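Asks: Handing you this structure, nothing more for now.
The values are calculated or read from the model by the stated rules, or taken from the named source; none is laboratory data. These numbers were taken from a predicted model, which means no experiment stands behind them. Because the Cβ atoms are built from the backbone with ideal geometry, glycine has one as well, and the counts that use them run over all protein chains shown.
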Amino acid sequence: MNTPQPTEIALHQASRVVEIAYSDGAVFRLSCELLRVYSPSAEVRGHGPGQEVLQVGKRDVEIKAVEPVGSYAVRLVFSDGHDTGLYSWEYLYHLGTNQERLWREYLERLAQAGASREPSESTGERAQRQSGSGASWKKL
């Protein structure tokens, strides 16, 4: 499949959403939480089928930085310190086109595990809200 190329990417910090526009006209608004729990990193996906690690307590996670990696991906730096996954344009397009199903599956897995999206106060994972609601756009 020939994945359309992104034309713009914006981080909306106040709403904790990354907005990505693609060359085929598709525009996706992906929450920071969705991006974090579906990180392509080995820490989240494991090193093979069945080794996925359910991410819990990520409701308030924020993205602190969006860093380009060549012309094929971005690295997202999250407020909980996670920064090891490379999000290819193809993977972000996949997340965008499948986000409703993926979100539903994530909520089902949380429920089956008796886990929560809520951050644990004892581990200090509650993200601090930043003031200012501006979006930063990057032309790609």
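Asks: Restricting to region 75-84, and then to whatever is closer than 19 Å to residue 10 by Cβ and touching a residue at least 40 places away in the same chain (Cβ under 8 Å), can you tell me which residue is surrounded by the most Cβ atoms within 10 Å (Cβ to Cβ)?
Replies: 76
Asks: So which residues in region 85-114 are more than 17 Å from residue 29 (Cα to Cα), in a helix (DSSP H, G or I), aliphatic (A, V, I, L, M) and in contact (Cβ under 8 Å) with a residue 12 or more places away in the chain? Steps first, please.
Replies: Of the residues in region 85-114, the ones more than 17 Å from residue 29 (Cα to Cα) are 85-86, 105-114.
From the residues that got through so far, the ones that are in a helix (DSSP H, G or I) too are 105-113.
So of that shortlist, the ones also aliphatic (A, V, I, L, M) come out as 107, 110-111, 113.
Within region 85-114, 110, 113 meet the criteria.
Asks: Would you mention how many residues in region 46-74 are within 14 Å of residue 32 (Cβ to Cβ) and in contact with a Leu (Cβ under 8 Å, 6 or more places away or on another chain)?
Replies: Number of matching residues: 4.
Asks: Please enumerate the residues belonging to region 1-16 that are under 17 Å from residue 80 (Cβ atoms) and free of Cβ contacts under 8 Å to residues at least 60 places away in the same chain.
Replies: 16
Asks: Here's something else I'd like to know. Within region 16-27, count every residue that is under 13 Å from the mean Cα position of the chain (by Cα) and surrounded by fewer than 19 Cβ atoms within 10 Å (Cβ to Cβ).
Replies: First, the residues of region 16-27 that are under 13 Å from the mean Cα position of the chain (by Cα): 16-20.
Among the residues that remain, those that are also surrounded by fewer than 19 Cβ atoms within 10 Å (Cβ to Cβ) are: 19.
Residues in region 16-27 being under 13 Å from the mean Cα position of the chain (by Cα) and surrounded by fewer than 19 Cβ atoms within 10 Å (Cβ to Cβ): 1 in total.
Asks: Report the residue count in region 57-74 for those that are surrounded by 15 or more Cβ atoms within 10 Å (Cβ to Cβ) and not acidic (Asp, Glu).
Replies: Number of matching residues: 9.
Asks: May I pose another question? Collect the residues in region 23-64 that are over 11 Å from residue 82 (Cβ atoms) and of a type in the set (A, V, I, L, M), keeping them in residue-number order.
Replies: Across region 23-64, the qualifying residues are 26, 27, 30, 34, 42, 53, 54, 56.
Asks: Which residue is farthest from residue 116 (Cα to Cα), if the candidates are limited to region 58-69 and must be part of a strand (DSSP E or B) and in contact with a Phe, Trp or Tyr (Cβ under 8 Å, 6 or more places away or on another chain)?
Replies: Of everything passing the filter in region 58-69, 64 is farthest from residue 116 (Cα to Cα).
Asks: Still on this structure: Considering only region 36-45, state which residues are assigned to a helix (DSSP H, G or I) and surrounded by 15 or more Cβ atoms within 10 Å (Cβ to Cβ).
Replies: 36, 37, 44, 45
Asks: Taking the condition at pLDDT below 95, small (Gly, Ala, Ser) and in a loop (DSSP other than H, G, I, E, B), does residue 133 pass?
Replies: yes
Asks: Now, a different point. Has region 26-46 got at least one residue that is of a type in the set (S, T, N, Q), free of Cβ contacts under 8 Å to residues at least 60 places away in the same chain and in contact with a strand residue (DSSP E or B) (Cβ under 7 Å, 6 or more places away or on another chain)?
Replies: Within region 26-46, one or more residues are of a type in the set (S, T, N, Q), free of Cβ contacts under 8 Å to residues at least 60 places away in the same chain and in contact with a strand residue (DSSP E or B) (Cβ under 7 Å, 6 or more places away or on another chain).
Asks: Kindly evaluate residue 55 against the criterion of being within 14 Å of the chain's Cα centre (by Cα), part of a loop (DSSP other than H, G, I, E, B) and either over 15 Å from residue 9 (Cβ atoms) or without any contact (Cβ under 8 Å) to a residue 60 or more places away in the chain (or both). Talk me through it step by step, then tell me what you get.
Replies: Numbers: within 14 Å of the chain's Cα centre (by Cα): yes; part of a loop (DSSP other than H, G, I, E, B): yes; either over 15 Å from residue 9 (Cβ atoms) or without any contact (Cβ under 8 Å) to a residue 60 or more places away in the chain (or both): yes.
Judged against the criteria, residue 55 is a match.
Asks: Read through the list (1) closer than 25 Å to residue 8 by Cα; (2) under 12 Å from the mean Cα position of the chain (by Cα); (3) not in a helix (DSSP H, G or I), then give the number of the only condition that residue 33 fails.
Replies: It is condition (3) that residue 33 fails.
Asks: At pLDDT 95 or above and among the polar types (S, T, N, Q) - does that describe any residue in region 54-71?
Replies: Checking region 54-71: at least one residue is at pLDDT 95 or above and among the polar types (S, T, N, Q).
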